[in-house]
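Taking it in order: structure first as structure tokens, then the write-up.
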Amino acid sequence: MKKLADIGLIGLAVMGENLVLNMESKGFTVAVFNRTVDKVDAFINGRGKGKNFIGAHSLQELVASLERPRKVMMLVKAGQPVDNFIEQLIPLLEPGDIIIDGGNSHFPDTIRRTKYVESKGLLYIGTGVSGGEEGALKGPSMMPGGSPAAWPYVKDIFQSISAKVEDGTPCCDWVGEDGAGHFVKMVHNGIEYGDMQIINEAYHLMKDLLGMTDDEQHEVFKKWNEGKLNSYLIEITRDILAFKDEDGNPLVEKILDKAGQKGTGKWTVDAALDLGIPLTLIGESVFSRCLSAQKDLRVKASKEISGTKPNFKGDKQQFVDDLEQAIYASKIISYAQGYDLMMQAAKEYHWNLNYGGIALMWRGGCIIRSVFLGDIKKAFDQNPNLENLLLDPFFKQAVQSAQESWRRVCATALQNGIPVPAMTSALCYFDGFRSERLPANLLQAQRDYFGAHQYERIDRPRGEFFHTDWTGHGGSTASSTYQV
Ligand code: 6PG
């Protein structure tokens, strides 16, 4: 065993343990530390026994056991604990050493921490790590950003432990400066919320509209997973639907319909609102979780408010086939919106994001991994300056051919009183996106009417603003000429 470790890790919860076991299995020596130090000994004598680990009982010991430049990775709870460890590490490290945060930190925190740590002469990396416990052990998708000078020192470790696509390319590459890695991980999580919501809507329709059993749905998801929807989330849904409780009935039907969330979906929507990007599908996915969480109120309302009841009269198989198209089209919209958000963020935060590279990082290892991401990679390979995924020839054609089925699914769901907010908001976005003229002319008139907010005219050059005295007694002061 080497005397000094290649990297140190703080935080031996399950993700941390699995990640260091992964590193060790790739030939790296890892020093480990945990705030509750008993965990260090338990790990060294347990899962880490006989392996190339160095157990440290203090941060001093951890730092002393590392090769220079020292690389210390934290896998601790996002928020204050990250700041606390940074404060404790700074006096122990030397210029050029690297602090790495592998948790689900909020990107503005990573921007702030990168600046702060760099101001102390050190380097900083905030990396997204996706794939859950199993991914951490067998190969996660990793999205590192921060101080570019730190990347060459961790590249080998990160790319060795990450998932690989079929041709062996690692699902990990440098994302960009300061908070770029955590931003991309946040968008990954938002897209994860969207993909899950779309699948949940399909399940709801098959169950309550078509009256299909979980076993029948299992077969549908199995078939879908063999086609263009092939993905980790379709695969686990297939398996969940076949999973039986002790009494032989599907376990999923016994689970309380109240969704939890840790906040990364909300962060994605917050960022979209801040940057003015219509991230409608992910927004609806977050709100759907919120509505599901109002369980008691819904139970009450269900007894008091009557309405349309599902009553399907069409061809079931045709509808299931339509559903596959509706899922696919909605998913394309969701990714188009997610990419739109990343493109706007890149402008705002001066990141040089590689969009094809991001698709590749998400292609394997992470929760949203899918065959579909390979097509997104191709779209950006063909045109690195693609303005919107919907303008790519492949995706344009894909949505066109799914369109009729998608409309039938949305219309049928609405007529039968089954909520499909992700699928319908995606369709409304699509129709808005492809509209040369939207009714915002009327909206501008309304704003000008009540608030003298001014408008541009289609028969005058852009950038010239007008105010009309709509009532004849409004005066001529436009709002931009005064500040309240
Ligand atoms: C991943 C997951 C991971 C986690 C989410 C779940 O990429 O491995 O996205 O980050 O499972 O935090 O988020 P919610 O609890 O908000 O659903």
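The values are calculated or read from the model by the stated rules, or taken from the named source; none is laboratory data. Since the model is a prediction, treat every value here as computed from it, not as a measurement. Don't worry about glycine lacking a Cβ; one is built from the backbone with ideal geometry, like all the others, and counts go over all protein chains shown. The area values use the complete protein model at the heavy-atom level, side chains included, leaving out ligands, DNA and RNA. Shrake-Rupley method; radii C 1.70, N 1.55, O 1.52, S 1.80 Å.
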Checking GLY227 against (1) crowded, with 16+ Cβ neighbours inside 10 Å; (2) of a type outside the set (A, V, I, L, M); (3) closer than 24 Å to GLN337 by Cβ; (4) away from the ligand (no atom under 16 Å from the Cβ): exactly one of these is not met. Which one? (1)
Give me a count of the residues in segment 118-137 that are within 12 Å of the ligand (Cβ to nearest atom) and over 16 Å from ALA180 (Cα atoms). 6
The helices (runs of 4 or more DSSP H) lying wholly within segment 21-108 that contain at least 2 residues that are of a type in the set (Asp, Glu) and either open to solvent by 10 Å² or more (accessible area, probe 1.4 Å) or within 21 Å of GLY128 (Cβ to Cβ) (or both) are 38-45, 80-89
Output yes when any residue across segment 290-301 is within 15 Å of the ligand (Cβ to nearest atom), open to solvent by 40 Å² or more (accessible area, probe 1.4 Å) and closer than 24 Å to SER330 by Cβ, and no when none is. yes
Selection over segment 346-359 where residues are under 17 Å from the mean Cα position of the chain (by Cα) and away from the ligand (no atom under 16 Å from the Cβ) yields a count of 6
Is there any pair linking a residue in segment 355-378 that is open to solvent by less than 20 Å² (accessible area, probe 1.4 Å) and of a type outside the set (Val, Ile, Thr) to one that is within 11 Å of the ligand (Cβ to nearest atom) and part of a loop (DSSP other than H, G, I, E, B), with Cβ under 8 Å and at least six apart or on different chains, and which? TRP362/ILE368; TRP362/ARG369; GLY365/GLY131; GLY365/PRO140; CYS366/GLY131; CYS366/PRO140
Pairs, please: C-beta under 8 Å, at least 6 apart or cross-chain, first residue among the aromatic types (Phe, Trp, Tyr) and in segment 279-307, second open to solvent by less than 70 Å² (accessible area, probe 1.4 Å)? PHE287/PRO421
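Working carefully through the options ILE234, ILE277, find the one that is assigned to a helix (DSSP H, G or I), at pLDDT 95 or above and among the β-branched types (Val, Ile, Thr).
ILE234
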Restricting segment 40-88 to residues that are among the β-branched types (Val, Ile, Thr) and touching a residue at least 60 places away in the same chain (Cβ under 8 Å), which is farthest from ILE125 (Cα to Cα)? VAL76
May I ask you to list pairs of residues, at least six apart or on different chains, whose Cβ atoms are under 8 Å apart, with the first in segment 115-142 being touching a residue at least 12 places away in the same chain (Cβ under 8 Å) and hydrophobic (A, V, I, L, M, F, W, C) and the second being within 10 Å of the ligand (Cβ to nearest atom) and part of a helix (DSSP H, G or I)? VAL129/MET15; VAL129/GLY135; VAL129/ALA136; VAL129/LYS185; ALA136/MET15
Can you tell me which residue among ILE282, ILE277, ILE333 is within 16 Å of the ligand (Cβ to nearest atom), touching a helix residue (DSSP H, G or I) at 6+ places or on another chain (Cβ under 6 Å), of a type in the set (Val, Ile, Thr) and closer than 28 Å to LYS396 by Cβ? ILE282
Residues of segment 138-149 classified as more than 9 Å from the ligand (Cβ to nearest atom), within 18 Å of GLU24 (Cβ to Cβ) and surrounded by 24 or more Cβ atoms within 10 Å (Cβ to Cβ), total: 1
Give me the residue from segment 175-189 that is away from the ligand (no atom under 16 Å from the Cβ) and not in a loop (DSSP other than H, G, I, E, B) and, out of that set, most open to solvent (accessible area, probe 1.4 Å). GLU177
Let me spell it out: the conditions are (1) surrounded by fewer than 23 Cβ atoms within 10 Å (Cβ to Cβ); (2) assigned to a helix (DSSP H, G or I); (3) within 15 Å of the ligand (Cβ to nearest atom), and ASP215 meets all of them except one. Which number is the exception? (3)
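Across segment 150-174, which residue is nearest to VAL30 (Cα to Cα) among those that are touching a residue at least 40 places away in the same chain (Cβ under 8 Å), away from the ligand (no atom under 16 Å from the Cβ) and in a helix (DSSP H, G or I)?
Taking the candidates together, the pick is ILE157.
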Scan segment 241-273 residue by residue and report those that are touching a residue at least 40 places away in the same chain (Cβ under 8 Å), open to solvent by less than 40 Å² (accessible area, probe 1.4 Å) and either within 14 Å of the ligand (Cβ to nearest atom) or not in a helix (DSSP H, G or I) (or both). THR264, GLY265, THR268, VAL269
